[in-house]
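Input: a single structure, listed below in structure tokens.
The values are calculated or read from the model by the stated rules, or taken from the named source; none is laboratory data. Remember, it's a predicted structure, so these values are computed and weren't measured experimentally. So basically every Cβ, Gly included, is an ideal-geometry build from the backbone, and we count neighbours across all protein chains shown. What goes into the accessible areas is simple: the full protein's heavy atoms, side chains included, and nothing from ligands, DNA or RNA. Shrake-Rupley method; radii C 1.70, N 1.55, O 1.52, S 1.80 Å.
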Amino acid sequence: MILCISEEFEEIRGELLSRGYKLINSLDNENCDAILCDLKNGGLVKLTDQQSSFKVNGKLIIDIGSKNVDDIEYILNNKMYNSLI
């Protein structure tokens with residue numbers, strides 16, 4: 001599975017790499033299965049050139065602001081998230 005995640009999340013990136021995920025840093029000219037970002041801090045904008053537009057059709061977007069790697073992996077494996085739980 002290919003994940004797009006900013007380089008600023010070093011600890012999470014290291015954990016995901018050790019679990020076998022392929023990581024990319026940018027949405028520009030890259031294809032990924034899921035986008036991991038901190039939505040409250042403009043995470044999607046940081047992952048792309050602000051001059052270009054990008055499509056997220058079919059991509060899972062995970063707000064990783066308050067999640068650990070186990071939470072992220074659970075969402076990736078189950079393709080769902082319920083903020084009420």
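From the list Lys59, Lys55, Lys40, Lys22, the one residue that fits, being out of contact with any Asp or Glu (no Cβ under 8 Å at 6 or more places or on another chain), of a type in the set (Lys, Arg), at negative phi and at pLDDT 70 or above, is Lys22.
Just one residue in the set Leu76, Leu84, Leu17, Leu27 is modelled with pLDDT under 75 and either open to solvent by 40 Å² or more (accessible area, probe 1.4 Å) or assigned to a helix (DSSP H, G or I) (or both); that residue is Leu84.
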